[in-house]
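Inspection log for the structure reproduced underneath, given as structure tokens.
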Amino acid sequence: MATARLTRPRAADSLVHMLLREFLSDDAINLSLAARSKDDVLKDLITLLHLDDKSEAALYKMLKRRENLGSTGIGRGIAIPHCRSLVVNNLRLAFGRRLEGVDYKSIDEKPAQYFFLIVAPPLEVSNQYLPVLGKIAQFAKEEDVPRRLESIRTPAEFMQLVEEKGL
């Protein structure tokens with residue numbers, strides 16, 4: 001007679017079902033960024049995380065360091081600035097949009113209009129940083145995404161798009 005073994009779900013299994021909306025809130029979405037430069041975009045996105053001034057400055061420095069390694073502008077009007085930093089205890093996301101576009105030194109050499117900020121602590125037990133980055137990159141590759149991001153009018157519509165895409 002075979003005995004059934006109880007197994008605990010692996011961390012990787014739970015990542016399959018992880019959704020971006022778990023890391024996003026309406027107040028971390030700005031559909032009308034005032035930023036006119038890459039640096040200002042980073043600063044505006046950081047403010048959406050509602051950190052103290054010292055943490056904002058440290059995070060800005062880390063994001064600038066990451067951007068100096070190579071632009072996180074992935075093309076099609078989308079950039080995904082990201083880094084690990086001690087200023088957060090768990091993974092945090094923010095989204096910003098500037099329809100006029102910003103020179104972000106993207107790989108397609110076109111301005112970026114849609115910005116997904118990802119910040120995670122250096123040591124993350126659940127290891128969600130890379131899977132979240134991958135999900136956003138896949139989302140960005142979908143044919144209708146830039147057009148849909150352009151047409152959203154409220155944070156709720158953004159969240160609806162994220163849910164519709166299974167993110």
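The values are calculated or read from the model by the stated rules, or taken from the named source; none is laboratory data. Because the structure is a prediction, the values reported are computed rather than measured. Please note: Cβ atoms are built from the backbone with ideal geometry, for glycine as well, and neighbour counts cover all protein chains shown. Heads up: the accessible areas ignore ligands, DNA and RNA and are worked out on the full protein's heavy atoms, side chains in. Shrake-Rupley method; radii C 1.70, N 1.55, O 1.52, S 1.80 Å.
Summing Lys, Arg as +1 and Asp, Glu as -1, what charge do residues with Cβ under 15 Å from the Cβ of LEU24 carry, LEU24 excluded? Please report the intermediate quantities before stating the final value.
Working: positive: ARG21, ARG92, ARG97, LYS135, LYS165; negative: GLU22, ASP26, ASP27, GLU157, GLU163, GLU164.
Residues close to LEU24 contribute a combined charge of -1.
Can you give the FRET efficiency to the nearest 0.05 for ASP52 and GLU157, using r as the Cβ-Cβ distance and R₀ = 41 Å? Numbers along the way, then the final one.
Numbers: r = 30 Å, r/R0 = 0.74.
So the FRET efficiency works out to roughly 0.85.
Starting from the residue with the highest accessible area, list HIS50, HIS82 in decreasing order, probe 1.4 Å. List each step's numbers first, then the result.
Working: HIS50 115, HIS82 25 Å².
The residues order as HIS50, HIS82, largest area first.
Cβ under 9 Å from PHE115's Cβ, PHE115 left aside: what net charge do those residues give with Lys, Arg +1 and Asp, Glu -1? Could the numbers behind the result be given before it?
Details: positive: ARG97, ARG98; negative: ASP44.
Computed value for this residue: +1.
To the nearest µm²/s, what D does Stokes-Einstein give for the stretch 15-67 at 20 °C and 1.002 mPa s, using the Kirkwood radius over alpha carbon pairs as Rh? Spell out each step's value before the answer.
On the way: Rh = 12.5 Å.
D = 172 µm²/s.
Based on DSSP H runs of at least 4 residues, each adding -39500 (n - 2.57), what is the mean residue ellipticity at 222 nm of the chain after dividing by all its residues, to the nearest 500 deg cm²/dmol?
Value at 222 nm, helices only: -11500 deg cm²/dmol.
Counting only protein chains, not ligands or nucleic acids, how are TYR60, TYR104 ordered by accessible area (probe 1.4 Å), most first?
Details: TYR60 50, TYR104 0 Å².
My answer, sorted largest first, is TYR60, TYR104.
Over all directions, the average projected area of the alpha-carbon convex hull for the chain comes to how many nm²? Intermediate results must be reported in sequence, preceding the final value.
Working: hull surface 46.3 nm².
That works out to 11.6 nm², a quarter of the Cα hull's surface.
Summarise the accessible area of the stretch 100-167 (1.4 Å probe, protein heavy atoms) by the percent that is carbon and sulfur.
Values: 1920 of 3700 Å².
The value for the stretch 100-167 is 52 percent carbon and sulfur by accessible area.
How much accessible area per residue does the chain have, counting only protein heavy atoms and a probe of 1.4 Å, in square angstrom?
On the way: 9610 Å² over 167 residues.
It amounts to 58 Å² per residue over the chain.
To test your reading of the geometry: what angle, between 0 and 90 degrees and rounded to tens, separates the Cα axis of helix 155-164 from the longest principal axis of the chain?
40 degrees
Over the residues of the stretch 49-133, compute the C-alpha Rg and express it relative to 2.2 N^0.38 Å. Can you show the working numbers first?
On the way: Rg = 13.0 Å, N = 85, 2.2 N^0.38 = 11.9 Å.
Its radius of gyration relative to the 2.2 N^0.38 Å reference: 1.10.
With only Lys, Arg, Asp and Glu charged, each at its Cβ (+1 for the first two, -1 for the last two), find how big the charge dipole of the stretch 103-167 is about the Cα centre; round to the nearest 20 debye. Walk me through the numbers before you get to the answer.
Numbers: 8 positive and 11 negative charges, 13 e Å.
My answer is approximately 60 debye.
Once the Cα atoms of helix 38-47 and of the chain are each reduced to a long axis, what angle between those two axes, in degrees from 0 to 90 to the nearest 10, is obtained?
It works out to around 50 degrees.
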